Amino acid sequence: MAGLKNKYMTMSAPMKAAFWFTVCSFMQRGISMITTPIFTRLLSTEEYGLYSTYLSWENVLLMIVTLSLFKAIMNLYVKHEDQERVLAAVCGLEFTLSLVWLFIGILLREQFAKLLGLSSNLVCCLFVYFMFQAVFQCWSLYKRYVYDYKKIIFVTLMYTAGSAFLGIAAVKFISPTAESRALASTFVIFVIGIILYASIFRKTKTFYDKEIWLFALGFCIPLMPHYLSEFVLQSSDKIMINYLCGSSDVALYSVAYAAGSLINLVTNAINSTFAPYQYQKIKSGEYQLLAKRANQVLLFVGVMLSGIMIFSREIVWIFGGNKYIESVDVIVPICLGVYFNYVFQLFARVQEYYERKLTVIIPSIACAILNLVLNYVFINLCGYQAAAYTTFTCYALFCLIHFLFYRKVCRELLYGAALYDVKGILLISLAIMVSGIAIVFINHILWLKYTIILIGLLVLLIKRQCIIDAVKETMKK
């Protein structure tokens, strides 16, 4: 313990910040994992599905209302030395935009309710949430930039825990409805947002700065198609299921999606270190080492996903209970979609490294449009389960397109040199897909499934030292 403490004390501020942000991410997901089974049991499938639809609209409309202006802050810091003034000015612009939208939302709440498939009370919660989530996003990015990890972690965990546990209390003691759950979350972000706005504006006495406002608008508005395309691929399924099938099917899909996306807790932590590692190895020209490590990481992600797929029935039961058990069959395509979502990032980062922005945006828009079309056609024909398969198909195509652009970069800038072991990636990908197909068939034959699990555990037990040594070597490198 003394050695670990000394090692921690000698870490740089960026390293300490990265460590604590990873810990914070795990704690946030942990709170979510603890409270999700509670909400699925306290709420009916209709109400849980309605709240899941509410969250999906929350994600997309937040981008439209606030224009994601917080993403311009990093570029503004390159141009302006006074970071706190930049923060205050961007927050002033965010406040202005969200206040205008709040008046519009309240005035036209009945029309928005019909359009979004929500109640008028949920619509009001949405627009109040946007006003105060905007300042939280800006403030969080500023704190990350200056490595002030203590305050941001404290506030983030207060928001996550407060929203979750106040939501449980509201659903339990007020009414078991989506409105009670949303109102609790909105109240927590309202309190935090008021405090943040007051502290930011009081310190700098700045609200409006013409140069900063114009730059932020000019930077973010052209990128909106890309931001919206990412949303379509990640979250539009639930909205379309709500329109075409109803909120009960949204609840079934949401529980399956939450189970299949458990791996994101691991991949996000991996990316916090592996993404910089990729950049370093590309810069130094150590392509073979990069290819080897990329295959090791993909193999690790694949094994974790296989574990989620084979235990999908048990995970769904923990998250939702017997009333959600029919959603088990969509976890496999969800997991395969998550896998290809991770693979495409390997190729996309090469394009980002060489500043090929257009080749990042074009596939996003094309696959988002394809996803919407396929969802509309096949959800109507086959029900909510089709959304998992269409999303998997689009992510696989997304990955293929980025691979082709990656090859183009290699030909034009690296004289044909390969950064990754494409055959190795293909073999791992095929193995994951074959495993998924096999798990679909054995998932309902419990004696066969548990026999395979037992054999797998015995192999892991026998080969545990080899596995531990391999993991240690990869982590060390």
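The values are calculated or read from the model by the stated rules, or taken from the named source; none is laboratory data. For clarity, every value in this text was computed on a predicted model and none was experimentally measured. We place every Cβ from the backbone using ideal geometry, glycine too, and count neighbours over all the protein chains shown. In case anyone asks, the SASA skips ligands and DNA or RNA and just uses the protein heavy atoms, side chains included. Shrake-Rupley method; radii C 1.70, N 1.55, O 1.52, S 1.80 Å.
Those helices (runs of 4 or more DSSP H) of the range 247-331 in which 3 or more residues are at pLDDT 80 or above and among the small types (G, A, S) occupy 287-310. Being touching a residue at least 60 places away in the same chain (Cβ under 8 Å), surrounded by fewer than 17 Cβ atoms within 10 Å (Cβ to Cβ) and over 22 Å from V191 (Cα atoms), is that true of even one residue in the range 91-108? No, the conditions are met nowhere in the range 91-108. Would you check if there is a residue in the range 367-389 being open to solvent by 10 Å² or more (accessible area, probe 1.4 Å), part of a helix (DSSP H, G or I), touching a Lys or Arg at 6+ places or on another chain (Cβ under 8 Å) and β-branched (V, I, T)? No, the conditions are met nowhere in the range 367-389. For the range 221-235, the criterion of a residue being more than 22 Å from the chain's Cα centre (by Cα), modelled with pLDDT under 85, of a type in the set (S, T, N, Q) and assigned to a helix (DSSP H, G or I) is satisfied by no position. Quick check: anything in the range 141-159 in contact with a helix residue (DSSP H, G or I) (Cβ under 6 Å, 6 or more places away or on another chain), of a type in the set (S, T, Y), under 16 Å from L93 (Cα atoms) and outside any helix (DSSP H, G or I)? No, every residue in the range 141-159 fails to be in contact with a helix residue (DSSP H, G or I) (Cβ under 6 Å, 6 or more places away or on another chain), of a type in the set (S, T, Y), under 16 Å from L93 (Cα atoms) and outside any helix (DSSP H, G or I).
Going through (1) open to solvent by 40 Å² or more (accessible area, probe 1.4 Å); (2) at pLDDT 85 or above; (3) part of a helix (DSSP H, G or I) one by one, E211 falls short only on (2). When every residue of the range 347-355 is checked against the conditions, none turns out to be open to solvent by less than 60 Å² (accessible area, probe 1.4 Å), under 22 Å from A258 (Cβ atoms) and out of contact with any strand residue (DSSP E or B) (no Cβ under 7 Å at 6 or more places or on another chain). The criterion of at least 1 residues that are farther than 14 Å from W57 by Cα and small (G, A, S) is met by the following helices (runs of 4 or more DSSP H) wholly inside the range 72-134: 83-107. Here the condition is being under 20 Å from E58 (Cβ atoms), of a type in the set (S, T, Y) and open to solvent by 20 Å² or more (accessible area, probe 1.4 Å); of T204, T177, T186, it holds for T177 alone. Name the single residue, out of those in the range 235-258 being touching an Asp or Glu at 6+ places or on another chain (Cβ under 7 Å) and closer than 12 Å to G383 by Cβ, that is surrounded by the fewest Cβ atoms within 10 Å (Cβ to Cβ). If we take residues in the range 235-258 being touching an Asp or Glu at 6+ places or on another chain (Cβ under 7 Å) and closer than 12 Å to G383 by Cβ, then S248 is surrounded by the fewest Cβ atoms within 10 Å (Cβ to Cβ). Across the range 393-409, a minimum of one residue is classified as basic (K, R), at pLDDT 80 or above and loosely packed, with under 15 Cβ neighbours inside 10 Å.
As a summary of the residue check, L244 satisfies the conditions (1) over 16 Å from T53 (Cβ atoms); (2) in contact with a helix residue (DSSP H, G or I) (Cβ under 7 Å, 6 or more places away or on another chain) except for the one numbered (1).
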